Amino acid sequence: MSATERFPRGALFGAAALVGFALVFTGFARLSGIGTTHAPGSAAITSRDLRFEDRNDGAVAIYDADNGNVVEVLSPGTNGFLRGVLRGLARDRKLQKIGTEPPFRLTRWVDGRLSIDDLATHQRIELGSFGPTNAAAFARLLYDRSASR
């Protein structure tokens, strides 16, 4: 484009109008709730507060936060999904300078969902969205299996 040629004014006005239109309707949708989806509230069937601790040998110890009993010990190199979720939650805690003492709450809901909540950061992960096999890695932690050991 040479110095004497100009960008078409109509295209500039059209682009500005499109951006303005998108901003106005996005704001309207956000404020009014139109076009958004909300998960209905659900009651909890069962929940368990858990603490997770990394061990020097690479294992992860899982404790019942209420009584301090060991729920399970994850051997090094196993349970990749569970470890990945925990790493993400731990990263958020580290950024907020929160230690490992506050427990996580694992919950099974009436509608079948399974979630883990970080009680310190208030972050929730819906575990079912990763598929039934991955959710089952957490579901087994809901129940006390110490009688079967």
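Computed from the coordinates by the stated procedures, all read-outs in this text should not be read as laboratory data. Bear in mind the structure is a predicted one, so any value in this text is a computation, not a measurement. No Cβ is skipped: glycine too gets one built from the backbone with ideal geometry, and neighbour counts run over all protein chains shown.
Would you work out the relative contact order for the chain, in percent, from Cα pairs under 8 angstrom that are 6 or more residues apart?
Numbers: 164 pairs, mean separation 28.7, N = 149.
19 percent.
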Next item on the list: Just name one of THR46, ALA29, VAL70: the one whose Cα is farthest towards the positive end of the charge dipole of the chain (beta-carbon charges, Lys/Arg +1, Asp/Glu -1).
Entry: ALA29
Check: To the nearest 10 degrees, how steeply does helix 9-32 sit against the main Cα axis of the chain, on a 0 to 90 scale?
Finding: 40
Next item on the list: Working from Cα positions, state the angle (0 to 90°, nearest 10) between the long axis of helix 80-95 and the longest principal axis of the chain.
Entry: 70
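Treat every Asp and Glu Cβ in the stretch 44-148 as -1 and every Lys and Arg Cβ as +1, leave all other atoms uncharged, and give the resulting dipole magnitude about the Cα centre to the nearest 20 debye.
Working: 15 positive and 14 negative charges, 54 e Å.
Around 260 debye, computed over the stretch 44-148.
Given the -39500 (n - 2.57) contribution per DSSP H run of 4+ residues, what per-residue ellipticity at 222 nm results for the chain, rounded to the nearest 500 deg cm²/dmol? Could you put the intermediate results ahead of the total?
Numbers: 3 runs with 48 residues, N = 149.
Calculated from helices alone, the mean residue ellipticity at 222 nm is -10500 deg cm²/dmol.
What is the order of SER115, SER47, SER129, fewest Cβ neighbours within 10 Å to most?
Numbers: SER115 20, SER47 15, SER129 11.
Fewest to most other Cβ atoms nearby, the residues stand as SER129, SER47, SER115.
With a 10 Å Cβ neighbour count serving as the proxy for reagent exposure, in which order, fewest first, do ASP144, ASP49 appear?
Values: ASP144 12, ASP49 16.
Placing the least packed residue first, the sequence is ASP144, ASP49.
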